[in-house]
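To start, the structure itself, in structure tokens.
The values are calculated or read from the model by the stated rules, or taken from the named source; none is laboratory data. None of these values were measured; they are calculated from a predicted model. Neighbour counts are summed over all protein chains in view; Cβ atoms, including those assigned to glycine, are modelled from backbone coordinates with ideal geometry. These area figures cover heavy atoms from the full protein model, side chains too; ligands, DNA and RNA do not enter into them. Shrake-Rupley method; radii C 1.70, N 1.55, O 1.52, S 1.80 Å.
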Amino acid sequence: MKKILNVTINGTPYEIAIKPKTTLVEVLRNELNLTGTKRSCNAGGCSSCSVLVDGKVVNSCSVLALQVDGKEVTTIEGIADGAKLHPLQQAFLEHGAYQCGYCTPGMIIAGKALLDENPNPTKQEVKEAIAGNLCRCTGYVRIVDAILATAKKLQEEAK
Amino acid sequence: MRDFEYIAPKTVKETLDVLDEYQEDCKIIAGGQSLLNILKQGLMAPEYIIDIKNLEELNYIKFDEKDGLKIGATTTHRSVEFSDTIKEHYNVLSEMERHLATVQIRNWGTIGGNLCIADPTGDVAPPLLAMDATVIIANKDGEREVTVLDFGVDYYETVVGPNELLTEIRVPVIPSNTGIAYLKYRIVEGDAPIVGAAVAFTLNEKGACKKARIGMGGVAPIPIRAEKAEKMFEGEKITDTLIEEAAKVASEETTPIPDIVASAEYKKRVIGVYVKRAAKLALTRAEKAAN
Amino acid sequence: MSNYSVIGKPIQRIDGYEKVTGAAKFTTDIRLSGMLWGKMLRSPHPHAKILNIDTSKAKKLPGVKAVITSADTLHIKYSNWRRYPHLMDETPLAEDKVRYIGEPVAAVAAIDEDIAEEALGLIEVDYEVLPAVFDPLEAIKDGAPQIHEGPTVKNNISEARHFEFGDVDEAFKKCDRVREDTFYLHPVSHAFLEPTNSVASWDLNGRLTIWTSTQTPYFIQTLLAMVLGIKEGNIRVIKPHVGGGFGGKMELFSDQYCAARLSMLTGKPVKIELDREEVFIATRRRHPMYYTLKTGYMKDGTLVAKEAKVYTDGGAYNAMGPTSLYLSGFFQIFPYTIPNYRYDGFHIYTNKNPSSAMRGFGGPQAEFTCDSQIDMIADDLGMDPAEIRLKNGMKPGHVIPGLAKVGSCGFEECVKKAMESTKWKEKKGKLPMGRGIGMGCYGFMSGGVFNWIDSPYAYSAAYIRMNVDCTVDVYIGSAEIGQGSDTVAAQIAAEVLGVPMEDVKVIRGDTDSCPPDLGAWGSRQTLMTGNAVKMAAEEIKKQLIEVTASLMVPNVVYDFDIKDGRVFIKDRPERGIELAEVVKTAVRAREGQALFGRGIYTPHGKGMVSPAYSFGAQVAEVEVDLETGKVNMIQVTTAHDCGQVINKLGVEGQLEGAFVMGQGYALSENLITDEGKVLNPSLIDYKLMRAPDIPDNFTSLMVETHEPEGPFGAKEAGEGLTNPNAGCIANTIFDAVGVRIKDMPITPEKILKALDEKKKKEGK
């Protein structure tokens, strides 16, 4: 009754046998030990488990793993360039945009999805882009700042 | 979550055959943004899950000046939100999608799935009601067209039978001199609306109301239209006073139930406020379209 | 200001890289080879006798390795109240009866989660359902169902708190005016994002290792030892990164016990992770309270006498309730001076999940009532609410008879700074209908002097080893749970020893290698652990200076200091020696013994509550939708006196986070129950504030005082700001639309209803 899932995760192709009811977050965490993606509410209500599927941010707890067959998944472990942090990761460090760190991977992924689509967002657009991502520690202020600062930095670098 | 057999048909025809075979024993999953929670909570435990998420045949947005808009059922909310066609001809849908749930849900959830879950507070139905939209429901032997108004049966229940599949959403061409707006009320952003109101006004050459449509969510077992209030506008010059009066009537046409977020009385009151606000915005847009 | 190298600076946290890359391991991320999955069977009834539990079918299910009930325990009652045994009322698994929906009755360990889940369904429990009671005011009536038996519990009151000073009755008589208001405070959930969870592993040497998401590793170690009947030293508690606690992870919980017990029985590691619904229904919550407040005052706004009476809904067990109850009476008299005060608080059992500590620890309830009422008093008198606060505000050195002695206090400056920054005078009372500005103030503790756990150890301790390459290893038992306390400890060590931050390593979260510490609660770690770290670092510094003095042989006795890798004569900084050389010499001189420092801290002679108090004032601006009652936060300014700031980035982050948590408390969060059943046990239905809901502008102003009791003069910055928000928002709403909501949370519906009533009254 297990089915085969072929999926590329952070650039590496995987072939995994799973029960059909397995969600994407379960594959990442339980099968592949990619525990950077966090599970918190398991119902699409907190977006701690955000990952990119073909570049689009989704709640991996609310995606049947078999539905990503043949697709590309990017997790928090896959966005740095080797030892060089992604600019958003760097900005989260500099702005103190995390405290306990449990929502942080999902936040960074949501932030990346936003900037990939909209490199020059307004403050309101940033807030809306992370409206799904709950954070109980920071009050979001620094997270919004870090995403905006990254956008600015990337824009300047592109000039 | 209980284990299930997983079937991912490659075509619509194949899907309809499978549905015909398993009927009550199966459940269709598209984006699964609501269904997976229902399964996880054990509220439903189908033996077969028919996955249509990657059915490309139903992933489309088409428009022509004669038949209007056709959206395939597995089109994601995000595709609707970003579609230039929709922005050009049905911008209210793009606006609605932009604030539907959260970006994560919009990226994976489908417009067809949203309608089929039939949550009365869903964002998709009210603007569709305001635009006289219909849906196509297919089975092995053919298809039927049902209005969005007649689509819902009760809370979380639709006319789609166990062997049937919602395949398409159709929205007629928007007449000229029309303005449409959808506004919703929620206490916390990113959350489902408590109530939502969509209003469409088509003005005649004299600037009076030729046609009015009011779609409302969260105020009855299914998304409804405020038909009495709509009639108050037709043939009339739309004024703030008329809007106020019609909004009160619209509010009286609702039958909300209390829940943990708000009382029935409060919902009734707030829907009136939102019908009013959406009507004012729709009027401004209609007047702009007419000029 | 002093010329510090790292203290007071916006220092990047030391746990940053692992957290932004997803490498940081939380307990939820731990998987051991051969690990079993544990799950707990919970009571479906709010109150029922357990007649029989039959686990035989569950035990026979293939893949099930063990099933436990209370019969497999030592029947020991426990809680953090070890010093006051009459308050210890919980058992790891329900004994003779269940007292709330969700109370653990049995637990299973199986080879996978599905099998464990299936096994739960095969456990048969015969219950005799008993009448239940859910409201504390009902529970204290004669004839109400009795939830606990025992000589110290009568009418479901498990603890009464009383304190009094001055001559309250006489003072009331002398007052120009007296007002009395009753408030209701609702229950909210901690809603930490990492669910409560543990992994326990028993080894054949008879030692237990438990990885767990906790704020108090030492409590877990010592209490687990007690309930398992093994030596504390044979239990190793590892606290990996913790995904938030907010007071909800400072006790020993059933999942920790069950994981440990199941591991002992099976010889395999066992993991128990609560799902979100379990977290909502069966972990702790903030205390609901009926809070009656009577205050007497003079026409000039001087507060003279106060009487507070509190009936708190404790839920089914005491948990940390008696402390919340105590502090709710105590923080009622902060930050305004009251010469005559009487407090009576009652902790009442109900058939709901236990209420316990939550950020602010009784303070948010007290401060909501106190700050709401002081605004009402100002309104009665036609006074500016800021003026009445300044008039009655605490001053440094203030003594609360028999309870506390305030050291540093920057309250007045906080109020003034907040007023100035927000243009209070220009706006107050002058904004258009629907828009308002309001104030809320607070004082909070910097760690509690309480030792209910009855630890013989110092409250905080630190070991520091300085290596010959001048790197520094700091060993602390305090709990970093996101608040930034490990970074603060590293900063303190770096400052004292004159080394850069990157050369300080903090070894923490492991009871095998770190000294005991009472952990993260009551905003105690900056002050208490910080003092211990400072003392340990200073012990090493002293040794280094002795060596330097002997190397340099100055002809007079000089004071030395260490900074930026050099040890030098304080007044003649050009005369010094490289730190590395001093360290090597010191190690050689001690026959190769590494440089080692030890520090401890336990408060002495600081009253009944805390060694130091923080203060602050907050001003908010809101817009209220007059047709729906919805509140839109426009801006918030907080001026906070946390003594000497240690880490600016950390303090600001705490203030922002605390505000938004308080915003949720005031406006949207509510753990709703019906007949003891939680109706919104999900992060969809439990409404936390989301990014678009927060104020558009957020300003944090630091008011730095010097607290003699704190390391470098530092004090609290973690919880205090949770306290004033609800009152501040209520006052702001009053300013905006002229209605006063005393019944929390302040929902749009309540505002609209109050507006209707107001219109009716005004005859409109």
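Suppose only helical runs count, i.e. DSSP H with n ≥ 4. What mean residue ellipticity at 222 nm does that imply for the protein assembly as shown under -39500 (n - 2.57) per run, divided by all residues and rounded to the nearest 500 deg cm²/dmol?
On the way: 35 runs with 366 residues, N = 1214.
Rounded to the nearest 500, the figure is -9000 deg cm²/dmol.
Could you sort the peptides C:634-642, C:454-462, C:266-274 by per-residue average Cβ neighbour count (10 Å cutoff), highest mean leading? Mind dumping the intermediate values first?
Working: C:634-642: 26.1, C:454-462: 20.1, C:266-274: 22.7.
Per-residue Cβ counts within 10 Å, averaged per peptide and sorted highest first, yield C:634-642, C:266-274, C:454-462.
Angle, helix A:141-158 long axis vs. longest principal axis of chain A, Cα atoms, 0 to 90°, nearest 10?
Long axis of A:141-158 versus the principal axis of chain A: about 80 degrees.
Using a 1.4 Å probe and counting only protein heavy atoms, arrange A:Val53, C:Val553 so the residue with the most accessible area comes first. The partial results should precede the final answer.
Details: A:Val53 5, C:Val553 105 Å².
So, going from the largest accessible area down, we get C:Val553, A:Val53.
For the range B:5-51, what ratio Rg/Rh do Cα atoms give with a Kirkwood hydrodynamic radius? Spell out each step's value before the answer.
Numbers: Rg = 10.6 Å, Rh = 10.9 Å.
Rounded to two decimals, Rg over Rh is 0.97.
Any number yet on Rg/Rh for the range C:559-712, C-alpha, Kirkwood?
Numbers: Rg = 25.3 Å, Rh = 21.1 Å.
Using Cα coordinates only, the ratio equals 1.20.
Could you work out how far the C-alpha centroid of the range B:248-267 sits from that of the range C:1-28, in angstrom?
50
When only C-alpha pairs under 8 Å and at least 6 residues apart count, what is the relative contact order of chain C, in percent?
Values: 1952 pairs, mean separation 120.1, N = 764.
With pairs under 8 Å counted, the relative contact order is 16 percent.
When only C-alpha pairs under 8 Å and at least 6 residues apart count, what is the relative contact order of the range C:608-764, in percent?
Values: 254 pairs, mean separation 53.9, N = 157.
Here the relative contact order equals 34 percent.
List for the range A:108-144: residues with 40 Å² or greater reduction in accessible area, all protein chains versus chain alone, probe 1.4 Å?
Buried by 40 Å² or more upon assembly, which counts only protein chains, are A:Glu117, A:Lys127, A:Glu128, A:Ala131, A:Leu134, A:Arg136, A:Cys137, A:Gly139, A:Tyr140, A:Val141, A:Arg142.
With a cap of 15 neighbouring Cβ atoms within 10 Å, and only residues DSSP puts in a loop, list the trypsin sites (Lys or Arg not before Pro) found in the range B:166-246. Write out the running numbers ahead of the final one.
Working: sites: B:Arg170, B:Lys184, B:Arg186, B:Lys206, B:Lys210, B:Lys211, B:Arg213, B:Arg225, B:Lys228, B:Lys231, B:Lys237; in loops: B:Arg186, B:Lys206, B:Lys237.
When the trypsin sites (Lys or Arg not before Pro) of the range B:166-246 are filtered for loop state and at most 15 Cβ neighbours within 10 Å, B:Lys206, B:Lys237 remain.
Show me, bin by bin at 5 Å from 0, the whole-percent P(r) of the range C:312-374 based on Cα pairs.
In whole percents, the pair-distance histogram is 4, 20, 27, 23, 14, 8, 4, 1.
Give me the distance between the Cα centres of the range A:37-100 and the range C:511-531, rounded to whole Å.
Between the Cα centre of the range A:37-100 and that of the range C:511-531, the gap is 33 Å.
Can you tell me the accessible area per residue over the range B:178-290, all protein chains present, probe 1.4 angstrom, in square angstrom?
Values: 4510 Å² over 113 residues.
So the range B:178-290 comes to 40 Å² accessible per residue, rounded to a whole number.
Would you mind giving the mean number of other chain beta-carbons within 10 Å of the Cβ of each residue in C:677-689, as a whole number? Intermediate values should be presented prior to the final figure.
Details: counts 0, 0, 2, 3, 0, 8, 11, 10, 7, 3, 6, 8, 8.
Per residue, the average neighbour count from other chains is 5.
Longer than 25 Å from Cα to Cα, which of B:Lys87/B:Lys237; C:Lys687/C:Lys750; A:Lys56/A:Lys152; C:Lys239/C:Lys505; C:Lys417/C:Lys630; C:Lys630/C:Lys760 are they? Say none if no pair is. Working shown, then result.
Details: B:Lys87/B:Lys237 28 Å; C:Lys687/C:Lys750 17 Å; A:Lys56/A:Lys152 22 Å; C:Lys239/C:Lys505 17 Å; C:Lys417/C:Lys630 29 Å; C:Lys630/C:Lys760 20 Å.
Distance filter (> 25 Å) returns B:Lys87/B:Lys237; C:Lys417/C:Lys630.
In degrees between 0 and 90, to the nearest 10, how far off the longest principal axis of chain B does helix B:240-252 point, with axes built from Cα atoms?
40
Taking just the alpha-carbon atoms of the range A:87-158, what radius of gyration and Dmax come out, in angstrom?
10.9, 34
Taking each residue in C:656-662, count the Cβ atoms of any other chain within 10 Å of its Cβ, then average. What number comes out?
Numbers: counts 9, 10, 2, 2, 7, 3, 1.
Mean number of neighbouring Cβ atoms from other chains: 5.
Assign one of three labels to the range C:207-323, namely rounded, prolate or oblate, based on the Cα gyration tensor with a ≥ b ≥ c the square roots of its eigenvalues; rounded applies when a/c is under 1.5, prolate when it is not and a/b is larger than b/c, and oblate otherwise.
Details: a/c = 3.15, a/b = 2.70, b/c = 1.16.
It comes out prolate by the Cα gyration axes.
Taking only the alpha-carbon positions of the range C:264-382 and ignoring solvent, what does the Debye formula give for the base-10 log of I(q)/I(0) at q = 0.10, 0.11, 0.13, 0.22 Å⁻¹?
-0.41, -0.47, -0.59, -1.13
If you take each beta carbon of peptide A:80-93 and count the beta carbons of other chains within 10 angstrom, what is the mean?
Numbers: counts 4, 0, 0, 2, 0, 4, 2, 0, 1, 6, 2, 1, 3, 6.
Mean shielding count: 2.
Give the shape of the range C:1-147 as rounded, prolate or oblate, defined through the alpha-carbon gyration tensor: a ≥ b ≥ c are the square roots of its eigenvalues, a/c under 1.5 means rounded, and otherwise the shape is prolate if a/b is larger than b/c and oblate if not.
Values: a/c = 2.86, a/b = 1.38, b/c = 2.08.
It comes out oblate by the Cα gyration axes.
When only DSSP loop residues count, what trypsin sites (Lys or Arg not before Pro) in the range B:18-70 have their Cβ near at most 10 other Cβ atoms within 10 Å? If you can, show how the numbers build up before the last one.
Details: sites: B:Lys27, B:Lys40, B:Lys53, B:Lys62, B:Lys66, B:Lys70; in loops: B:Lys53, B:Lys66.
Sparse-neighbourhood loop trypsin sites (Lys or Arg not before Pro): B:Lys66.
Which value results when the Cα radius of gyration for the protein assembly as shown is divided by 2.2 N^0.38 Å?
Details: Rg = 31.2 Å, N = 1214, 2.2 N^0.38 = 32.7 Å.
Dividing the Cα radius of gyration by 2.2 N^0.38 Å gives 0.95.
So which lysines pass the test for C:Lys154, namely a Cα distance under 28 Å, with those fewer than 8 places away in the same chain ruled out?
Reachable lysines: C:Lys49, C:Lys77, C:Lys97, C:Lys141, C:Lys294, C:Lys306, C:Lys309, C:Lys352, C:Lys677.
May I ask which of B:Lys140/B:Lys211; C:Lys9/C:Lys428; C:Lys395/C:Lys425; B:Lys268/C:Lys742 have a Cα-Cα span longer than 29 Å here?
Numbers: B:Lys140/B:Lys211 37 Å; C:Lys9/C:Lys428 35 Å; C:Lys395/C:Lys425 23 Å; B:Lys268/C:Lys742 25 Å.
In this structure, B:Lys140/B:Lys211; C:Lys9/C:Lys428 lie more than 29 Å apart at Cα.
Rounded to two decimal places and with Rh computed the Kirkwood way over Cα pairs, what is Rg over Rh for the range C:67-197?
On the way: Rg = 21.5 Å, Rh = 19.6 Å.
On the Cα set of the range C:67-197, Rg over Rh gives 1.10.
Kindly give the semi-axes, whole Å and largest first, of the ellipsoid equivalent to the range B:42-194, taking each as the square root of 5 times a Cα gyration tensor eigenvalue.
One finds semi-axes of 23, 20, 15 Å for the range B:42-194.
Which three extents, in whole angstrom, do the alpha-carbon atoms of the range C:422-504 cover along their principal axes, largest first?
Taking the Cα atoms of the range C:422-504, the three principal extents are 67, 38, 20 Å.
Accessible area lost on pairing B with C, both sides, 1.4 Å probe, Å² to nearest 100?
Chain pair B/C: roughly 1800 Å² of buried accessible area.
May I ask for the accessible area buried between chains C and A, both sides summed, probe 1.4 Å, to the nearest 100 Å²?
Numbers: alone 28160 and 8520 Å², together 32540 Å².
Accessible area lost upon association: around 4100 Å².
Could you tell me which GluC sites (Glu not before Pro) in the range C:121-178 are loop residues by DSSP with no more than 15 other beta carbons within 10 angstrom of their beta carbon? Display every interim value, and only then the final one.
On the way: sites: C:Glu124, C:Glu128, C:Glu138, C:Glu149, C:Glu159, C:Glu164, C:Glu170; in loops: C:Glu149.
Those that pass, being in a loop and sparsely packed, are C:Glu149.
Roll a 1.4 Å probe over the protein chains and send me the accessible area per residue for the range A:50-131 in Å².
On the way: 2390 Å² over 82 residues.
Accessible area per residue: 29 Å².
Pull out a ≥ b ≥ c, the square roots of the eigenvalues of the alpha-carbon gyration tensor of the range B:162-204, then state rounded if a/c is under 1.5, prolate if not and a/b is larger than b/c, and oblate in the remaining case. Present the calculation step by step, with values, prior to reporting the outcome.
On the way: a/c = 3.56, a/b = 1.05, b/c = 3.38.
Oblate is the answer for the range B:162-204, as a/c is 1.5 or above yet b/c matches or exceeds a/b.
Return the sequence-ordered ³J(HN,Hα) values of the range C:230-240 in whole Hz as given by the Karplus equation 6.51 cos²θ - 1.76 cosθ + 1.60 applied to θ = phi - 60°, using x for Gly and Pro.
Coupling constants for the range C:230-240: 10, 6, 3, x, 8, 10, 10, 9, 10, 9, x Hz.
How large a share of the accessible area of the range B:56-171, in percent, is made up of carbon and sulfur atoms when the probe is 1.4 Å and the other protein chains stay in place? Show your work: numbers first, answer last.
On the way: 1940 of 4250 Å².
Whole-percent figure for carbon plus sulfur exposure: 46.
How big is the convex hull of the Cα atoms of the range B:137-267, per residue, in Å³?
Numbers: hull volume 18.2 nm³, N = 131.
In the range B:137-267, the Cα hull volume divided by residue count equals 139 Å³.
Averaging sequence separations of C-alpha pairs under 8 Å and six or more residues apart, then dividing by the length of chain A, give the relative contact order as a whole percent.
On the way: 277 pairs, mean separation 35.9, N = 159.
Computed over chain A, the figure is 23 percent.
Between A and B, buried accessible area summed over both sides at probe 1.4 Å, in Å² to the nearest 100? List each step's numbers first, then the result.
Details: alone 8520 and 13930 Å², together 20060 Å².
Accessible area lost upon association: around 2400 Å².
Under the Karplus relation 6.51 cos²θ - 1.76 cosθ + 1.60, θ = phi - 60°, what is the ordered set of whole-Hz ³J(HN,Hα) values for the range C:393-410, x standing for Gly and Pro?
Computed from phi, the couplings for the range C:393-410 are x, 5, 10, x, x, 4, 10, 9, x, x, 10, 7, 10, 7, x, 5, 7, x Hz.
Would you kindly calculate the translational diffusion coefficient of chain C, applying Stokes-Einstein with the Kirkwood radius from alpha carbon pairs, for 4 °C and a viscosity of 1.567 mPa s, and quote it in µm² s⁻¹ without decimals?
Details: Rh = 27.3 Å.
The calculation lands on 48 µm²/s.
Once the Cα gyration tensor of the range A:45-146 is diagonalised, what are the square roots of 5 times its eigenvalues, in whole Å and ordered largest first, as equivalent ellipsoid semi-axes?
On the way: eigenvalues 89, 47, 37 Å².
Working from the Cα gyration tensor, I get semi-axes of 21, 15, 14 Å.
Can you quote the Å³ per residue value for the convex hull of the Cα atoms in the range C:476-527, rounded to an integer?
Details: hull volume 4.1 nm³, N = 52.
About 80 Å³ per residue, rounded to a whole number.
If we sort C:411-423, C:206-218 on the protection proxy, mean other Cβ atoms within 10 Å, highest first, what's the order? Write out the running numbers ahead of the final one.
On the way: C:411-423: 21.0, C:206-218: 24.6.
Descending mean neighbour count gives C:206-218, C:411-423.
Could you bin all the Cα-Cα distances of the range C:1-62 into 10 Å bins starting at 0 and give me the percent of pairs in each, rounded to whole numbers?
12, 21, 19, 17, 15, 10, 5, 0
Per residue, how much accessible area does the range B:56-171 have with a 1.4 Å probe, in Å²?
Numbers: 4250 Å² over 116 residues.
Ligands and nucleic acids excluded, the result is 37 Å² per residue.
So what's the gap between the Cα centers of the range C:169-220 and the range C:299-353, to the nearest angstrom?
16
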